[in-house]
Amino acid sequence: MYRFLLSRQWVILTLVALVLIPVMVELGFWQLHRHEHRVAQNQRVTDALAADPVPAEKLTSPGHEVPKSDLYRRVSAKGTFDTKHEVVVRRRTNADDEVGFHVLTPFVLEDGKVLLVNRGWIPADGPQTSFPKIPAAPKGTLTVTGRLMADETSAASGIKDVRGLPDRQIMLISSGQQADALGKQVLGGYIQLTSPGASDGSPQLIGGPDHSGIGPHMAYAVQWWLFAAGVPVGWVILVRRERRDRAAAAAAPAVEATPTPA
């Protein structure tokens, strides 16, 4: 009755089905793991943003590479802004997708080390070959607070670190490069300023990271598992249809040979 399953066509179809089932199950688990990673990442960012600020030098030091576990941690530092050596970061956008600059100002700590502070966004108010007009930073000794960020790299950001730019303009924020330029010890990474807050004419503070979405990974996982469950169901339906068609074809000659009553 089911000897047709031994035919070449059905053997191939059955083998394909047997391969597809574990592959789809594995793809579902892959999407599930991506979902769990995203949820954990969002929770880590939430915890970092909610934590009380800690002194910057507790989390970073000269030459230190900021790990993912410390990203967005709120840190504070006491010192003075060194506006004579501030630079601008090219091709940065604000919340309205307007292109301009980020203002990167060295912040000299009480022990002489330097913390790089991204004071925020300013519009490109002239040709990008010239240094833009930058709102003045607060003067005197003060305490700043911000979100700790890792040094930017071409691999992570997708931005090419172009050389030969106009004076005091950079493409990527690198504590190592700024240490060479300043001739001072610069703490690894930098901070996105959150306090003191922006005032009239000052750079627009950079908004916090978007960590509310979890993406469609869980839906994709369920979808793959439904596909995996559908493969054997579809195989059974095809087998029953084939059996029915073969039975009907076998019975057709007998029906035709039956004599018609007088």
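Candidates are the residues of the stretch 83-100 that are touching a residue at least 60 places away in the same chain (Cβ under 8 Å) and of a type outside the set (Val, Ile, Thr); the one that is nearest to LYS133 (Cα to Cα) is GLU86. When the stretch 169-207 is limited to residues that are over 21 Å from GLU65 (Cβ atoms) and in a strand (DSSP E or B), the one that is modelled with the lowest pLDDT turns out to be SER195. Is at least one residue of the stretch 17-34 loosely packed, with under 12 Cβ neighbours inside 10 Å, of a type in the set (Val, Ile, Thr) and either closer than 30 Å to GLN223 by Cα or in contact with a Phe, Trp or Tyr (Cβ under 6 Å, 6 or more places away or on another chain) (or both)? Yes, the stretch 17-34 contains a residue that is loosely packed, with under 12 Cβ neighbours inside 10 Å, of a type in the set (Val, Ile, Thr) and either closer than 30 Å to GLN223 by Cα or in contact with a Phe, Trp or Tyr (Cβ under 6 Å, 6 or more places away or on another chain) (or both). All told, ARG92 meets the bar of being surrounded by 14 or more Cβ atoms within 10 Å (Cβ to Cβ), closer than 22 Å to LEU172 by Cβ and at pLDDT below 95.
Consider the stretch 89-120 and keep the residues that are among the charged types (D, E, K, R) and assigned to a strand (DSSP E or B). The one that is nearest to ALA181 (Cα to Cα) is ARG90. When residues in the stretch 65-83 are screened for being out of contact with any helix residue (DSSP H, G or I) (no Cβ under 6 Å at 6 or more places or on another chain), part of a loop (DSSP other than H, G, I, E, B) and crowded, with 17+ Cβ neighbours inside 10 Å, 2 of them pass. State which residue is most open to solvent (accessible area, probe 1.4 Å) when the search covers only the stretch 38-60 and only residues that are over 13 Å from MET149 (Cα atoms) and not in a helix (DSSP H, G or I). Among them, the one singled out is ASP52.
The values are calculated or read from the model by the stated rules, or taken from the named source; none is laboratory data. This one's a predicted model, so the numbers in the text were calculated from it and none came from an experiment. Glycine also receives a Cβ, built like all others from the backbone with ideal geometry; neighbour counts cover every protein chain displayed. Each accessible area value is taken on the protein alone, full model and side chains, heavy atoms only, with ligands, DNA and RNA left out. Shrake-Rupley method; radii C 1.70, N 1.55, O 1.52, S 1.80 Å.
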